[in-house]
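This report concerns only the one structure given below.
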Amino acid sequence: MVTRLSDGIVQPRQQTDGTVRYPVPRALLSLVELAEPTYYSQASQKSEWHQAMTEEINALLKNNTWTLVPSSPSQNAVGCKWVFRIKKKSDGSIERQLDVKNAFLHGILKEDVFMVQPPGFVDPSQPHHVCKLNKALYGLKQAPHAWFHRMSTFLLSVGFTQSIADPSLFIYRHGPHIIYFLLYVDDIVVTRSNDHLLQSFIQCLGRGFDIKDLGPLHYFLGLQVTRHQHGLHLNQLKYAHDILSKNDLLLSKPTSTPMSAKSNLSSTAGSLLEHPTTFRELVGSLQYLTITRPDIAFAVNMVSQFMSQPRVPHLIAAKRILRYAKGTLGHGLLFTSQRQPVTLSAYSDADWAGCPTTRRSTSGYLVFLGSNLISWCSKKQPTVARSSAESEYRYLAHACADTMWLGYLLYELGTNIQFPVLLHCDNLSTIYMASNPIFHACTKTHRT
């Protein structure tokens with residue numbers, strides 16, 4: 001048999017980042033028109049975007065967001081630009097192009113802030129005037145604080161109390177009934193023990209703010225909520241699908257594990273990426289995906305350690321996590337009802353000097369409320385541990401702190417917890433250290 005090698009035909013090996021690119025079908029080319037414009041000049045050519053901008057300007061003027069004043073050299077007017085976003089539902093269909101019920105319009109500014117007039121909507125009778133902002137707008141550093149202060153002040157005035165464990169949580173108690181109000185920027189989740197009390201509160205809230213009731217919770221901050229007969233199922237199916245589409249991996253072959261068992265990523269092996277921003281965006285997206293996917297938390301933590309100088313093996317490892325997510329798109333968290341009192345327990349583990357470069361340990365813990373997983377973490381330790389007992393003990397302390405915070409939060413929510421809280425660890429030396437303070441002296445000179 002004659003082979004190319006025997007004839008002296010040798011081709012150099014080419015490094016690849018694992019990307020598989022496929023031609024775009026003609027049926028999908030029409031979807032390019034739905035892309036979000038970057039500049040005002042692009043959006044002004046589309047009637048849909050021009051109508052959305054007109055509605056936004058009308059909402060700003062209706063809410064007395066600014067007042068036109070003559071410009072002067074002493075003013076430091078900030079710039080103004082349009083940001084275009086297509087808001088979609090969990091199934092991918094377009095919900096609306098622009099939410100004119102702008103939450104930040106309710107935040108009253110205490111400082112004097114001047115802004116140039118919006119592009120395309122300059123007052124022709126006063127073209128050289130500037131906008132003196134009366135209320136906050138997106139992009140101002142004062143905007144989140146002003147909006148949160150306005151909403152929290154209103155909630156406290158109607159009888160809510162602010163949670164000490166979580167400042168974004170507000171609780172209202174009326175006899176045996178209760179309302180939980182969770183605020184994240186301009187997104188709100190409300191739950192209750194009495195429907196009539198909730199409707200009365202929503203009507204009261206509508207008199208003070210221009211809100212839109214979206215009904216039962218189905219989609220929130222990229223999280224999809226599905227109700228089952230046994231409880232609630234949370235996943236990020238659409239979010240994971242969008243990441244796969246953005247990185248051209250929708251048609252890739254899935255993998256059974258998020259990373260190789262023999263994976264040993266290094267900060268020096270492999271060539272540097274020409275475009276490191278792509279890797280950083282991918283890893284940042286994967287970090288948000290771990291909100292409902294604890295099974296990829298360790299792998300994401302591994303690739304997150306190379307954000308400063310990413311190399312080709314790091315990008316391949318990150319895309320392997322995506323290929324694993326493609327085969328497990330429906331995975332998520334299932335929360336079932338628990339009989340009170342419920343147990344709060346944590347499991348902690350750590351390696352010792354697992355990083356070949358820095359010799360630092362990687363640790364992790366899981367916290368369960370009954371049979372429901374509610375908190376987890378996988379992270380490299382900031383310092384070098386001199387023994388396996390020391391590395392295990394450090395994250396056992398972190399797990400203990402997390403359970404203490406969760407215990408106080410659950411107490412504010414009215415949950416009856418069974419004490420003591422259980423902490424599970426598989427290192428005998430660590431267990432001895434936790435149960436006997438005198439044993440701490442032995443850890444200074446001995447290794448386990």
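The values are calculated or read from the model by the stated rules, or taken from the named source; none is laboratory data. What you are looking at is a predicted structure, and each value in this text was computed from that prediction instead of being measured. Every residue, glycine among them, receives a Cβ derived from its backbone with ideal geometry; neighbour counts consider all protein chains shown. Ligands, DNA and RNA are excluded from the accessible area calculation, which covers all protein heavy atoms including side chains. Shrake-Rupley method; radii C 1.70, N 1.55, O 1.52, S 1.80 Å.
Using only C-alpha positions, report the orientation-averaged shadow area of the convex hull of the chain, nm², one decimal. Spell out each step's value before the answer.
Working: hull surface 134.7 nm².
The directionally averaged projection comes out at 33.7 nm².
Can you tell me the dipole magnitude for the chain around its Cα centre, using point charges on the Cβ only (Lys, Arg +1; Asp, Glu -1), in Debye to the nearest 20?
On the way: 43 positive and 31 negative charges, 160 e Å.
Using Cβ point charges on Lys, Arg, Asp and Glu, the chain gives about 760 debye.
Are there any trypsin sites (Lys or Arg not before Pro) in segment 194-274 that are in a DSSP loop and have at most 15 other Cβ atoms within 10 Å? List them by number.
Hits after loop and neighbour filter: 212, 262.
Mind ranking 157-167, 275-285 by how tightly packed they are, going by the mean number of other C-beta atoms within 10 angstrom, highest first? Each step should come with its number before you reach the end.
On the way: 157-167: 13.6, 275-285: 16.0.
Top to bottom by mean Cβ count within 10 Å: 275-285, 157-167.
Would you work out what percent of the accessible area of segment 125-185, with all protein chains in place, is carbon or sulfur (probe 1.4 Å)?
Numbers: 2040 of 3280 Å².
Whole-percent figure for carbon plus sulfur exposure: 62.
Tell me the mean residue ellipticity at 222 nm calculated for the chain from its helices only (DSSP H runs of n ≥ 4, each -39500 (n - 2.57), averaged over every residue, nearest 500).
Values: 11 runs with 133 residues, N = 448.
Result for the chain, helices only: -9000 deg cm²/dmol.
I'd like the trypsin sites (Lys or Arg not before Pro) in segment 123-156 restricted to DSSP loop residues with at most 11 other Cβ atoms within 10 Å, sorted by number. If you can, show how the numbers build up before the last one.
On the way: sites: 132, 135, 141, 150; in loops: 141.
Counting only loop positions with at most 11 other Cβ atoms within 10 Å, the trypsin sites (Lys or Arg not before Pro) in segment 123-156 are 141.
Taking 0.36 nm per residue of separation and subtracting the Cα-Cα distance, what length does fully extending residue 46 through residue 359 add?
Gain on stretching residue 46 to residue 359: 107.0 nm.
Net charge around residue 307, counting only other residues with Cβ within less than 12 Å of its Cβ (Lys, Arg = +1; Asp, Glu = -1)? Display every interim value, and only then the final one.
On the way: positive: 280, 311; negative: 281.
Here the charged neighbours net out to +1.
Would you please give the residues with an amide H less than 5 Å from that of residue 109, counting only those at least 5 places away or on a separate chain, with H modeled from the backbone geometry?
Amide H neighbours of residue 109: 135, 136.
Separation of segment 286-347 and segment 150-190 by C-alpha centroid, Å?
Using only Cα atoms to place each centre, the spacing works out to 30 Å.
Per residue, what accessible area does segment 220-358 have, given a 1.4 Å probe and all protein chains present, in Å²? The partial results should precede the final answer.
Working: 7100 Å² over 139 residues.
For segment 220-358, the solvent-accessible area averages 51 Å² per residue.
Considering only 384, 303, 370, whose Cα is most displaced toward the positive end of the charge dipole of segment 296-400, charges sitting on Cβ of Lys, Arg (+1) and Asp, Glu (-1)?
303
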